[in-house]
1. Of the conditions (1) away from chain A (no Cβ under 14 Å); (2) over 18 Å from the mean Cα position of the chain (by Cα), residue B:305 satisfies every one except a single condition; which number is it?
2. For residue A:245, only one of the following conditions fails: (1) surrounded by 20 or more Cβ atoms within 10 Å (Cβ to Cβ); (2) at pLDDT below 90. What is its number?
3. Within region B:252-262, which residues are surrounded by fewer than 21 Cβ atoms within 10 Å (Cβ to Cβ) and either out of contact with any helix residue (DSSP H, G or I) (no Cβ under 7 Å at 6 or more places or on another chain) or within 13 Å of another protein chain (Cβ to nearest Cβ) (or both)?
4. Would you list the helices (runs of 4 or more DSSP H) that sit entirely within region B:366-425 and hold 2 or more residues that are touching a strand residue (DSSP E or B) at 6+ places or on another chain (Cβ under 7 Å)?
5. If you go through region B:155-183 one residue at a time, how many are in contact (Cβ under 8 Å) with a residue 24 or more places away in the chain and either buried (at least 17 other Cβ atoms within 10 Å of the Cβ) or not assigned by TED's automatic domain parsing to the domain that holds residue B:229 (or both)?
6. Can you find a residue in region B:376-395 that is farther than 30 Å from residue B:76 by Cβ, assigned by TED's automatic domain parsing to the domain that holds residue B:110, touching a helix residue (DSSP H, G or I) at 6+ places or on another chain (Cβ under 6 Å) and surrounded by 18 or more Cβ atoms within 10 Å (Cβ to Cβ)?
7. Among the residues of region B:399-410, is any touching a helix residue (DSSP H, G or I) at 6+ places or on another chain (Cβ under 6 Å), farther than 29 Å from residue B:129 by Cα and within 14 Å of chain A (Cβ to nearest Cβ)?
């Protein structure tokens, strides 16, 4: 009994475990009793809704307790604090619309929420940064453990380590969105704290999103349960789809290839490293989106709609589109609560300058290139200030481009930091920001300039490769040469047709090829940013940074330096299952959305007996991957 | 859900069709809450010396690998009489250390990927050099395809920097067929770089800049092991080579003290020494005063072999290698380091490969029979399942096989301390 109810750090409730499904089956049985019980009078509808919400709140808290133990108190605390503050904000706003108090309260709530997040997630990172910069020897101190021990350093909890509560990055963002939405008068504050608690801690999305915004979810709290036969089918489909993604495309690929290569890139040849990097791109997607697919399915079975979180992101034709399709709930959150408040594409203000300065200083501190970064930065900022004065705010397309680039870069870098507290995530965010800016400018540029720029870049990189013969230049030079080839073909096509359609068929072929080319380029770019995406959370930040950096460096060195065509066939044969799963994953990913919708609906429309057979068959297949024998180690490069 | 539970009850754990099998969870698995490491012996976290006498249970030997799903593999008993401390077989080496003030005493550390990058050897080198003098990282190949933690190498050919793969043709005794040569002339590192016509155009046509990464490793001299047709000169960190012929290795070393060489052989089972020309080995071992040879192998046999018979054959092969090295290096003592704990997934759970304890035991017996020293990494780590602990604390990679750098440092330090402790006793 104790085993079932007590928190055990080694066995959290994960969607991929049988235990979770047994838990869910029980929860759902009781849930069904509540929502399907016959009503004696209409007035009972409300109290039944209330009972449902309270029931799910306690189930969610149990779920969180099983996953995170006493961190449940943190979850309860932010729930309480934001509920109270949002209520006050609404009260002052109704009493006096011009009052400044609501603004101060909003700031207070954001400080509390982000303070907790910063404490739990970034304490090591900031301590480490301060120690690096000033040569101090500070160490983190777990104040909550100290209090938990009855104000003592010794006791049940260790004060020397700060453990990250599961899901804190997600639920903190949810409570901020709630208070901000109340402040912006997009929603009314929730009257009942238990209802609000339910919104914050609804268990399917509690630990890994999607980040549900208050205005999307809170109205659902007051709607009675309804689940059509078709929606039931769709929910089951999402769950199976998520499990297959998580177990086949993510875990299987990770265990049998990706982890090994990322652990020791030097054990593997350039091709194996490159393959593992691309496979990692698929793995990250399958892992994360698989998890949210299951969350969406489970919530749907209980009659709640969670927002879509991924829209086949590797179909994107440019980095900007990628960010609209990848982790959409985070993207929308950052857009609403960071990018637009910074000025969006309409203006720049104090926030923009402030964050750019912070980023410049941090990059200088990180690299040690103080004047090399700060001098150009000062010049750049001076230019921005002058240009900004000349521009008519928000009117011309040029000012829009400038503003949106400045603000979106900040959003990307801070979004990077949200993913993990180490430099590699900041670098990752920065590369994505740069990629978006370069791409936006590229799309505004004419073909003559594009071709000329690409030619100069390619030859420049080739010259660097020749002069220094370093793997990193080799890699960039080959990449640039590939992009150059595509650019040259499209440039010639443009010169010949001069944008006039000579031949309908040719135009269609050109369009299709261009799309495929753009998709591949974007996928490749995003894949290379993943060099900096892998976290090593069980290490302290100093060694996490070192490991992340060394891994990226070694992988680049292998890809650019230890390439050996002769071993590619051997690799493809020996790792044929891994390769097949990767190819299958990409092919399924690139299936048109319309087809996917159709087979989803076809599944949902199956007669129940057929669906049961299909579910069993799917689970048997998935289970084969859980239990599959491991791919033995095979070395090709000596 | 209920349907699935019912199915679990009805279906057996697995169904076999020919050589393929279909697996299905049992009811016990469905209701089990712990996902990891459900089996194996008690994890012993005490970092006790690995060579302590085996416990009673262990001495009983015969183990049956527990597995809910699989037909139990019965692993034969391995009686080992290891109450004596195997460090007695290092006595000659310990005695030779007294000579270190006058001449070089050399220790060669051969091993598989676990010792790449000089991750483990470095600890032993530092410990021995601190006590018995000596400096320099010792041997390195001419074209260092695998970077080392302790020495960074850059190759230049005819004035242009090149990647190791663009350098001289390499032959590798532990490599694939196309990397091997038939005459057995691989040199002491088991790999050789052959300089050909394109490299004899200038007098200093090949230049290797080898920079030690740690000032404590600052060398005082170079030793170049190459055919007599190769001309070379050195200046500081740099070696200049020209001519046509084979280069077996470069060594940064002092002329007295202890030199410890790191010789990693990726993917190697260790059954390769007999393929190396014995005269070549013998002359190196004699001239360089090699007094200890460490062989750290066995891990590569584990993932692809589940049959005790194959493991026995492999250990027999390793025994042949030990005997061969004994004849090539009659002056040297030998220390065998067995495989670490290694994990695999079975039915979704991470468990120790069943053959790890068996192989460890067989190797220990082989070592006792051959009168060489034995260090069990596996038991030093804490036995079955200890690799999972190492992963949790960042000491081992997620592959369940390789140490991380900090893990390798820890293991290397343990080996070094164990050897040095033997001197005191």
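The values are calculated or read from the model by the stated rules, or taken from the named source; none is laboratory data. What you see is a predicted model; the values in this text were computed from it and never measured. Please note: Cβ atoms are built from the backbone with ideal geometry, for glycine as well, and neighbour counts cover all protein chains shown.
1. Answer for residue B:305: the failing condition is (1).
2. Residue A:245 satisfies all of (1) surrounded by 20 or more Cβ atoms within 10 Å (Cβ to Cβ); (2) at pLDDT below 90 except (2).
3. Hits for region B:252-262 are B:254, B:255.
4. Per the criteria, B:386-392, B:405-424.
5. The number of residues fulfilling the criteria is 8.
6. Yes, region B:376-395 contains a residue that is farther than 30 Å from residue B:76 by Cβ, assigned by TED's automatic domain parsing to the domain that holds residue B:110, touching a helix residue (DSSP H, G or I) at 6+ places or on another chain (Cβ under 6 Å) and surrounded by 18 or more Cβ atoms within 10 Å (Cβ to Cβ).
7. Scanning region B:399-410 turns up at least one residue that is touching a helix residue (DSSP H, G or I) at 6+ places or on another chain (Cβ under 6 Å), farther than 29 Å from residue B:129 by Cα and within 14 Å of chain A (Cβ to nearest Cβ).
Residues checked against (1) surrounded by fewer than 19 Cβ atoms within 10 Å (Cβ to Cβ); (2) closer than 30 Å to residue A:118 by Cα; (3) not assigned by TED's automatic domain parsing to the domain that holds residue A:357:
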| position | (1), (2), (3) |
| --- | --- |
| A:412 | no, yes, no |
| A:427 | no, yes, no |
| A:433 | no, yes, no |
| A:438 | yes, no, no |
| A:471 | no, no, yes |
